[in-house]
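First the structure, in the form of structure tokens, and then the observations on it.
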Amino acid sequence: MFSKILIANRGEIAVRIIRACKEMGIATVAVFSEADRDALHVSLADESVCIGPAQLKDSYLNVAAIISAAEVTGAGAIHPGYGLLSENAKFAALCEKCNIAFIGPPSGVIAKMGDKDMARQTMQASGVPVVPGGGMVDDFKQAEKEARRIGFPLLIKARSGGGGRGIRLVRSMEEFENAFHTASAEAKIAFGDGAVYLEKYLYPAKHVEMQLLCDNQGNAVVLGERECSVQRKHQKLLEESPSPGISQETRMKMGRFAVQAARAVGYVNAGTIEFLVDDSQNFYFMEMNTRLQVEHAVTEMVTGIDLVKWQIRIAAGLPLNFGQKDVSVGGHAIECRINAENPSLGFRPSSGKITLLHIPGGPWVRFDTALFQDYTVPPFYDSLIGKLIVHAQTREEAIRKMQAALCELVITGVDTNTDLQRKILAHPLFRSGRYHTDFMEKLEATKP
Ligand code: MV4
């Protein structure tokens, strides 16, 4: 087992990882930007290293500074958290080269799944159903032909995109030429790769993802699914497990395909396979996320399995000490993402000093955050400031518990989306569990 781990992240996820290390008796190194000197992850870690100015590219994405921080402090492993460098195959490869364990899959697997078109092809070849669509389209003539074959509406997706970045919906051939060129140009700017592919737009459908844990001895388990259809501009807002929209049969089938997919690519560590599920319970592979996800806590609550601790054990070469038959998904968990933003001002990010903080409590209520009284939320980073997670025996009970917890939560000094979360929970379509990926558009159209 590692004796010291460097956490290459900030905010609530850095705190979450430090807690797991502490419980495992592993020393921790925090890295921080000049804007994060007073951040909670810095105070909680055993050691800390300033890695540069506030801007992400100068600090949390500064590969050289992070690797040298690990070398100077003698950290044997780096946990990248989510976002930032977590799916950067070059960074993972550099860790491997420097003899620092990257807590995540091998760099080759990250690269393979990071190419969303290659991921599709790999899955298709191993028998996993994929969204109807086509391969890479290099020029407009070829793209037009593909578009005619697939039909409208369709989505143009960036090869190097993922998580909804670089996606464009096209409803007709009239819109297509313009959309194709702008999508490609935007992808070139955003990812340094203008390559795009086409997919049939599946609607109505639900976004359901399967959580996997795979060790380096060929053992793989699936830890149930998460329903993630409540998204705004491809940013998830609320997640729940189990999904209220899939049958037990579908769940089992998707789980088996997820394990099959992971084995096909030689996957190791925690990973997630995203599927679209239609109203006839047909499901299709969308993409694989080769990292810990923001919403991992939902799975932890229904399975009782600590995903971060298992990520660390797997990276240290330990085998899973339980099998699929030992995994049971119990009760229902919901997560509400608390963002520092103002929904009535076009979701404008909000920063400033936290003047009052009251965190809800009670049984099976969890709040993952890096906030504390008098902390100043800096303006440079992601707007996620907390994750409120509840667990109960039934979905109805979990919804009521979440409503009570949201009522109790007090954060003053920055604007937050807590009222929006309460609107989601109160909406009849959400309550029915029969919502699709367009839920937020429908909610925003229902003016009170
Ligand atoms: C889709 C889709 C429908 N058809 N692809 C969004 C995140 C990224 N992982 C893929 N996403 C989607 N891909 C096909 N072929 C629907 C989504 C999607 C979505 C789309 C519009 C508005 C909200 C959404 C929420 C979840 C998934």
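Quick look at the numbers
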read-out	value
Relative contact order, percent, region 138-267 [alpha-carbon distance under 8 Å, six or more residues apart]	19 percent
Across Lys116/Lys233; Lys253/Lys423; Lys112/Lys188; Lys141/Lys200; Lys112/Lys157, pairs whose alpha-carbon gap is larger than 25 Å	Lys253/Lys423
J(HN,Hα) series, region 397-404, from Karplus relation 6.51 cos²θ - 1.76 cosθ + 1.60, nearest Hz, glycine and proline x	5, 5, 4, 5, 5, 5, 4, 5
Chymotrypsin sites (Phe, Trp or Tyr not before Pro) lying in DSSP loop within region 31-103, provided at most 15 other Cβ fall within 10 Å	none
Point-to-point label distance, Asp38-Gln121, nm (Cα→Cβ direction, 7 Å offset)	5.2 nm
Accessible surface, per residue, of region 254-326 when the full set of protein chains is kept, probe 1.4 Å, Å²	31 Å²
Summed side-chain charge close to Ala190 - residues other than Ala190 whose Cβ falls under 13 Å, Lys, Arg +1, Asp, Glu -1	+3
Residue among Asn321, Asn219, Asn339 with the largest mean-square fluctuation in a Gaussian network model of the chain, springs linking Cα atoms under 10 Å	Asn321
Accessible carbon and sulfur surface of region 298-369 relative to its total accessible area, %, 1.4 Å	53 percent
Whole-number percent relative contact order across the chain, with pairs defined as alpha carbons under 8 Å at least 6 apart	14 percent
Rh (Kirkwood; distinct C-alpha pairs) - region 205-445, Å	18.6 Å
Stretch gain in nm, segment Trp364-Lys325, where the contour uses 0.36 nm per residue and the Cα spacing is subtracted	11.6 nm
Charge context of Met24, other residues only, Cβ under 11 angstrom, K/R +1, D/E -1	+2
Per residue value of the accessible surface for region 1-151 (all protein chains in place, 1.4 Å probe), Å²	40 Å²
Given charges at Cβ of Lys, Arg, Asp, Glu: the chain dipole, positive-most of Ser247, Gly304, Ile385	Ser247
Unit charges on C-beta of K, R, D, E only; dipole of region 10-131, Debye	340 debye
Listed residue (Gly11, Ala119, Ala30) projecting farthest to the positive dipole end of the chain, Cβ model	Ala119
Protein accessible area in region 220-297, 1.4 Å probe - carbon and sulfur %	49 percent
Compactness of the chain, expressed as Rg and Dmax over alpha-carbon positions, Å	21.4, 61
Net length gained if the chain between Glu23 and Thr394 were fully extended (0.36 nm per residue, minus Cα distance)	130.5 nm
Accessible area per residue, Å², region 339-448 with all protein chains present, probe 1.4 Å	50 Å²
P(r), alpha carbons of region 60-200 - 5 Å bins starting at zero, rounded %	2, 10, 17, 18, 14, 12, 10, 8, 5, 3, 1, 0
Virtual spin-label span in nm between Leu356 and Ser3, 7 Å along Cα→Cβ	4.9 nm
Positive dipole terminus of the chain, leading residue within Pro343, Gly83, Ala258 (C-beta point charges)	Ala258
Region 205-445 - charge dipole about Cα centre, Lys and Arg +1 at Cβ, Asp and Glu -1, debye rounded to 20	140 debye
From phi via Karplus (6.51, -1.76, 1.60), per-residue ³J(HN,Hα) for region 383-390 in Hz, x at Gly/Pro	7, 5, 10, x, 10, 9, 10, 10
Extension reserve of the Arg348-Ser247 stretch, reckoned as 0.36 nm per residue once the Cα distance is removed	32.5 nm
The chain, dipole about Cα centre (Lys/Arg Cβ +1, Asp/Glu Cβ -1), debye to the nearest 20	540 debye
Normalised per residue, the volume of the convex hull around the Cα set of region 4-103 (Å³)	79 Å³
Residue with peak Gaussian network fluctuation, the chain [Cα springs, cutoff 10 Å], from Val222, Val72, Val15	Val72
Fraction in percent of alpha-carbon pairs per bin - 10 Å, region 80-144	19, 36, 28, 15, 2
Most mobile listed residue (Gln235, Gln293, Gln324) in the chain, GNM with C-alpha springs under 10 Å	Gln324
Sparse-neighbour loop sites [trypsin sites (Lys or Arg not before Pro); region 397-448; at most 15 other C-beta within 10 Å; DSSP]	Arg434
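The values are calculated or read from the model by the stated rules, or taken from the named source; none is laboratory data. If you're wondering where the values come from, they're calculated on a predicted model, not measured in any experiment. A quick note on method: Cβ atoms are made from the backbone with ideal geometry, for glycine too, and the neighbour counts reach across all protein chains shown. Accessible surface areas use protein heavy atoms only, side chains included; no ligands, DNA or RNA. Shrake-Rupley method; radii C 1.70, N 1.55, O 1.52, S 1.80 Å.
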